[in-house]
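Here the structure is laid out as structure tokens; the discussion comes afterwards.
The values are calculated or read from the model by the stated rules, or taken from the named source; none is laboratory data. Note that the coordinates shown come from a computational prediction; the quantities given were computed from them, not determined experimentally. Positions of Cβ are backbone-derived with ideal geometry, glycine not excepted, and every protein chain shown enters the neighbour counts. To get the accessible areas, we keep the full protein, side chains included, count just its heavy atoms, and leave off ligands, DNA and RNA. Shrake-Rupley method; radii C 1.70, N 1.55, O 1.52, S 1.80 Å.
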Amino acid sequence: PQSAPSRQRFLDVPSASPPQIDPVVAGSSPSRRLTPKLVRRLVTVARDQRKCQFAGFDDEGTPTEKAVMHLYDAERNLWVEEVALVKVEPEKFAEGALRECFRAKLVRGKELSTLGKARCWEQATRWVAKRYKPDKSPEDPRVGYMEDVQLQMISKHYGELFNQHHPPKKVDFLQAFLLECFGRKDRTLYCVEAYLPGEYVKYTNNTGFFDVEHMRNTPQAFSHFTFVESKGDLLICDIQGVSDLYTDPAIHTADKKHYGAGNLGHRGMALFLYSHECNFVCRQLKLTPFEHAKTKSKKHLEKFFEVQRKLNNQSLSDSFRAVLSASPPARIGPSPMATGFLEAPSPRKNVQLTAQPMSDFIVLPLPDLIPVSVSYEAAVHLTLATLHEEGRIARLDDSFHREAEHIEEVTPPSLTCAWFHYQKAAHLGHSGAQLAVASVLANMPRDHMQHTDCEDRDLANKYLELAAERGDYHARFHCAQNAQFDEPPKLKEALDWYMTLLEATPPDPEEEAYGWTVTQAPFEIKAALASLLKDGGAGLEANRSRAAELWNEAAEEAMASMKGKLATKYYALAAECDYVSQS
């Protein structure tokens, strides 16, 4: 069993550690190894560099303010408050698209006892205080800042779970908290995290990007781990930071709630899993590979796969080898991204649907066991099917990453890939996907997979029954219709399906039914059930008194729906059944 991380480790503020130094080659000569003296020198250089980055901080001129730190304990889903003194520079030193960054120093806890000493603020911990730009602020700023903190601390929690599986390199996320300067009139809020010196690299983003120039196994394996560990509830991506100390991630959740505009839900998960190829870290952690169609085209990922293969073919020490003869200059902000995927904006341009050979559309054998509860991978497969079918997986480059509205190059729809993912989602228990596959196999009029012809009506009925068994309203109605009008009819089976509809709530008219939409009102279903009970037959015993009750109920509901002619018809049929049953 996994040991949960302690509360104290969540609340402790980590100092930004220097990059991890592996005892490998240093300098220009491959034979030169790091000595203890050289290691100490490199650590000293990193520490001095960190101090230098805050050298211009005006300890005396920056006012001291009272503030409250709101810290989030992800393990217990609990907020903790702590009083602190803080100095926040009035001028920003960096900014992004949404937020401005300010250098800050903070004194808390036992450090408050050193306030009277001369070097108190000189030795205080260094932080970056982030504040939303006025025109980018969330509707409720406090909720927005709290979600930013929760996002980072949940990521830190999953980082600790990841480390418990003993990966080749451990990961961590910076401590983050909400800082409220209650001494100011507007009680200014900041999202605060430790200052991170060193070379800042953006390894991935939230739409399937990965940085080919800085391609590494650990960031991608960590994102894959979060998807598997949470059983599809979330996927943490947008991995960036210094070495394996990360910050400012994004979280996709299955319900697409919370965590800002970066949360793309299943679509974001699908984009990551499409671009991800399991590496040796994934295999060491025994992560289940996400299955793709063998016909999937990834020509634009050839460079990525080449880098992956090189990493996987190297020894562990070789893959982490680096030249440490000179410290890289500190840099704030992400590196440019090289390759990735994104949902193309609508309307799509120049997307031509090309005919594909019928032999490409392989009907996968139906597994002997379909899970009753939906697998967490099913919704992602269904989303990928939609993305492939619509041709909305686009190749991106630096300009697309910066200005997504200029995307014009869209991959042609891959119906073979879409068909594969529809079937996989159906096999994993998704009733919507089962309807989608059934409509294709039944060759019904439909909006999806219009250019395919894989007719197999017997197999279509099996998929329809699977969806009905999982409670789908549309599937249950059509199973009842099939049983009622089959040759020979199966009236008792039809009766059972109709009875389940009486107890169910009709679906939202906007719900996707993949060609199986039920247009009949509930009173019409009661009338159909009454017609079965009136005469019986084919193994079904007649029950005219019950039929009369159902017709009377149907008549009342039809009258309430302003269907007077139908109501009159139902009342007449009910009266006839009453007369026959009493005679």
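Structure above, values below:
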read-out	value
Wholly enclosed helices (runs of 4 or more DSSP H) of the range 514-582 bearing at least 2 residues without any contact (Cβ under 8 Å) to a residue 40 or more places away in the chain and over 26 Å from ASP486 (Cβ atoms)	544-560, 564-582
Subset of the range 413-431 [in a helix (DSSP H, G or I), open to solvent by less than 10 Å² (accessible area, probe 1.4 Å) and within 17 Å of LEU464 (Cα to Cα)]	TRP419, TYR422, GLN423, ALA425, ALA426
Members of the range 264-284 found to be open to solvent by 10 Å² or more (accessible area, probe 1.4 Å) and not in a helix (DSSP H, G or I), listed by number	LEU264, HIS276, GLU277, CYS278
PHE290 being in a helix (DSSP H, G or I) and out of contact with any strand residue (DSSP E or B) (no Cβ under 6 Å at 6 or more places or on another chain)	no
Criterion: surrounded by fewer than 18 Cβ atoms within 10 Å (Cβ to Cβ), modelled with pLDDT of 85 or more and more than 30 Å from LYS105 (Cα to Cα) - qualifying residue of LYS294, LYS231	LYS231
Residue check for ALA538: touching a Phe, Trp or Tyr at 6+ places or on another chain (Cβ under 6 Å), over 24 Å from PRO445 (Cα atoms), at pLDDT below 90 and not aromatic (Phe, Trp, Tyr)	no
Some residue of the range 464-476 being more than 33 Å from the chain's Cα centre (by Cα) and small (Gly, Ala, Ser)	no
In the range 206-228, the residues that are more than 15 Å from the chain's Cα centre (by Cα) and modelled with pLDDT under 90	PHE210, ASP211, VAL212, GLU213, HIS214, MET215, ARG216
Scope the range 540-583; condition aliphatic (A, V, I, L, M), more than 22 Å from PRO489 (Cβ to Cβ) and either buried (at least 16 other Cβ atoms within 10 Å of the Cβ) or in contact with an Asp or Glu (Cβ under 6 Å, 6 or more places away or on another chain) (or both); matching residues	ALA548, ALA555, ALA558, MET559, LEU566, ALA567, ALA574
Checking PHE182 against (1) open to solvent by 10 Å² or more (accessible area, probe 1.4 Å); (2) at pLDDT 90 or above, the condition it does not meet	(2)
Considering residues of the range 514-539 that are on the phi > 0 side of the Ramachandran plot and touching a Pro at 6+ places or on another chain (Cβ under 7 Å) only, the residue surrounded by the most Cβ atoms within 10 Å (Cβ to Cβ)	GLY515
Exclusive hit being surrounded by fewer than 19 Cβ atoms within 10 Å (Cβ to Cβ), in contact with a Pro (Cβ under 6 Å, 6 or more places away or on another chain) and either in contact (Cβ under 8 Å) with a residue 24 or more places away in the chain or under 16 Å from THR64 (Cα atoms) (or both), set GLU199, GLU160, GLU213	GLU199
Out of TYR145, TYR203, sole residue that is in contact with an Asp or Glu (Cβ under 6 Å, 6 or more places away or on another chain) and modelled with pLDDT under 95	TYR203
Pick from the range 448-495, criterion outside any helix (DSSP H, G or I) and without any contact (Cβ under 8 Å) to a residue 24 or more places away in the chain, ranking: farthest from PHE361 (Cα to Cα)	GLU487
Members of the range 504-513 that are open to solvent by 40 Å² or more (accessible area, probe 1.4 Å) and touching a helix residue (DSSP H, G or I) at 6+ places or on another chain (Cβ under 7 Å)	PRO506, GLU512
Members of the range 235-260 that are among the hydrophobic types (A, V, I, L, M, F, W, C) and without any contact (Cβ under 8 Å) to a residue 60 or more places away in the chain	LEU235, CYS237, ILE239
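Residue-wise test of (1) modelled with pLDDT of 80 or more; (2) open to solvent by 70 Å² or more (accessible area, probe 1.4 Å); (3) assigned to a helix (DSSP H, G or I); (4) β-branched (Val, Ile, Thr).
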position: THR62; (1), (2), (3), (4): yes, no, no, yes
position: ALA67; (1), (2), (3), (4): yes, no, no, no
position: TRP79; (1), (2), (3), (4): yes, yes, no, no
position: GLU82; (1), (2), (3), (4): yes, no, no, no
position: ALA104; (1), (2), (3), (4): yes, no, no, no
position: VAL107; (1), (2), (3), (4): yes, no, no, yes
position: GLU111; (1), (2), (3), (4): no, no, yes, no
position: GLY116; (1), (2), (3), (4): no, yes, no, no
